[in-house]
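The values are calculated or read from the model by the stated rules, or taken from the named source; none is laboratory data. This one's a predicted model, so the numbers in the text were calculated from it and none came from an experiment. When we count neighbours, we look across all protein chains shown, and the Cβ atoms used for this are built from the backbone with ideal geometry, even at glycine. Side chains are part of the model used for accessible areas, which takes the heavy atoms of the whole protein and leaves out ligands, DNA and RNA. Shrake-Rupley method; radii C 1.70, N 1.55, O 1.52, S 1.80 Å.
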Amino acid sequence: MRADLLALLRCPFCGGRLGLVESGFVNRTGDDVLDGILGCHCCAFPVVDGIPILHLEPSAADARAHIDAGRPDLARRAMLGLAEHGAAERFDSAAASPSATYRDIVEALGPHFEGGYFLYRFSDPTYLVSQAVVRAVAGTVLAGGGRAIDVCGGSGHLTRTLLDLSAPPPVLADLYFSKVWLGRRFTAPGCDGVCCDGNAPLPFARGAFRFAVCSDAYHYIWTKRLFASEMIRLTDTGDARRAVVIGHTHNANQWNPSAGMPLPPEAYRDLFADLSPRLFGESSLLAQIISGGPLDLSGSPAAGTLDRELALTIVASADPAVFAPHQLTPPAVARGEFRLNPLYTAAPEGENMRLTLRFPSEDYEQEYAACRQYLPAEVSVARTALAALPARTLSTSLDALARQHVVVDLPKRYC
Ligand SMILES: [Zn+2]
């Protein structure tokens, strides 16, 4: 945790600034605080592995006691919920290995860790829409500089897409320490991480960010009114160049197997009324992305159209440049490395390889059925072309597969 992150933090309860308790245990590398205690007017919060824990869950109290006792190793185990000695040893040894992959760490975290579909995240339809909207909107409001935050960001898949847009680096905030830890190590290396509760006031200063996103989580938040006003406060920079995006939030007017506590479109609009919100249907945004763009945020879909959508995207901004058509430009150079999408199996076929789409489960196939709109059931590619993977840049034939998401840009040491 660097000083520029500490300067943005505020206690979620008293609103006070947080300062490092220098009289207690502190473990630092240069200016970076890895483990220590932060204090405000009312509370003491632990910093574990560079991640400030700004909630009061029982795990945070245990971690704080371990830091007080000078045992950051036990504090990390407490935050990861690794009570059993064997599991803790397995995690510690995987974490210490420079060659460990995201998958190794997820497996070391045990079967209770919901990492099952992470492998396929970069080509699922929810991600494609959120990623394109984030690139378009953050790219507009952060063009002159400024910081971004991904709230309830899980293990940082969207944070990753903000790495080159946000200066200083984006903040990944989530309730679960294990996810923020994975995000910082693998998915969005270089981002800052904070553990906090989306149902409480968010632990940041007013105007700390020009761009704030929350995707695939808003329907699970009970205190939606508080959350909306907090997202608006976080981006209250004092000028128009700011935006809030809520990606993939379920529509109460449509049935959903994992609905959470969704609202109808007009209720979502009311919650963000202070920052000129517009709502878009996820399926219509996906259709624009599949056809290669542009991503058109200039319109305002009619209420009847939104009512039929399973999930919605909310874009709230005082910047008129946000509400325009945005070109979609796939990166020519991989942020991590281009690889075959793990949803495909490859089998030899003469000089070619036949790639076949295989879903990990029926549940996945049902939940992400829309991916059949762009992932071909079968495709054939020259063996020599495929042998070039993993790669940072793509030949013409592989570039065509990347546009269909058969080849994807994955973080290094992902699987
Ligand atoms: Zn406080």
>> Could you list, ordered by first residue, the pairs with Cβ atoms under 7 Å in which the first is in segment 33-59 and over 20 Å from Asp192 (Cα atoms) and the second is at pLDDT below 95 and more than 10 Å from the ligand (Cβ to nearest atom), at least 6 apart or interchain?
In response: Ser59/Gly81
>> Would you confirm, using the coordinates I've provided, whether Arg225 is open to solvent by 20 Å² or more (accessible area, probe 1.4 Å), in a loop (DSSP other than H, G, I, E, B), more than 15 Å from Glu282 (Cβ to Cβ) and not hydrophobic (A, V, I, L, M, F, W, C)?
In response: no
>> Every residue in segment 249-295 that is among the polar types (S, T, N, Q) and farther than 12 Å from His219 by Cβ, please.
In response: Asn253, Ser276, Ser283, Ser284, Gln288, Ser291
> Quick one: would you say Ala402 is within 24 Å of the chain's Cα centre (by Cα) and open to solvent by less than 70 Å² (accessible area, probe 1.4 Å)?
Replying inline: yes
> Tell me, which strands (runs of 3 or more DSSP E) lie completely within segment 240-327 with 2 or more residues that are under 20 Å from Leu165 (Cβ atoms)?
Replying inline: 243-250, 311-317
> If only one of Tyr364, Tyr368 is at pLDDT below 95 and crowded, with 17+ Cβ neighbours inside 10 Å, which one is it?
Replying inline: Tyr368
>> Testing Ala385 on (1) assigned to a helix (DSSP H, G or I); (2) free of Cβ contacts under 8 Å to residues at least 40 places away in the same chain; (3) within 25 Å of Thr126 (Cα to Cα), one condition comes back false. Which one is that?
In response: (3)
> Restricting attention to segment 78-114, which residues are within 19 Å of Ala188 (Cα to Cα), without any contact (Cβ under 8 Å) to a residue 12 or more places away in the chain, in a loop (DSSP other than H, G, I, E, B) and among the small types (Gly, Ala, Ser)?
Replying inline: Ser97
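Yes or no, residue by residue, for (1) within 28 Å of Leu401 (Cα to Cα); (2) crowded, with 21+ Cβ neighbours inside 10 Å:
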| position | (1), (2) |
| --- | --- |
| Thr235 | no, yes |
| Gln254 | no, no |
| Ser276 | no, no |
| Pro294 | yes, no |
>> Residues to consider are Pro72, Pro12; find the one that is within 25 Å of Cys191 (Cβ to Cβ), touching an Asp or Glu at 6+ places or on another chain (Cβ under 7 Å) and in contact (Cβ under 8 Å) with a residue 40 or more places away in the chain.
In response: Pro72
> How many residues does segment 373-394 hold that are hydroxyl-bearing (Ser, Thr, Tyr) and surrounded by 14 or more Cβ atoms within 10 Å (Cβ to Cβ)?
Replying inline: 1
> Quick one: Arg339 ticks every box in (1) surrounded by 17 or more Cβ atoms within 10 Å (Cβ to Cβ); (2) assigned to a loop (DSSP other than H, G, I, E, B); (3) not β-branched (Val, Ile, Thr) bar one, so which box is it?
Replying inline: (2)
> in a helix (DSSP H, G or I) and among the acidic types (Asp, Glu): does that describe Asp399?
Replying inline: yes
> Quick one: how many residues across segment 158-191 are closer than 18 Å to Ala63 by Cβ and assigned to a strand (DSSP E or B)?
Replying inline: 2
>> Here's a check for you: in segment 342-361, which residue that is part of a loop (DSSP other than H, G, I, E, B) and closer than 23 Å to Ala287 by Cβ is least open to solvent (accessible area, probe 1.4 Å)?
In response: Leu343
> Scanning for something crowded, with 20+ Cβ neighbours inside 10 Å, closer than 17 Å to Pro52 by Cβ and without any contact (Cβ under 8 Å) to a residue 60 or more places away in the chain, does segment 189-198 turn up at least one residue?
Replying inline: yes
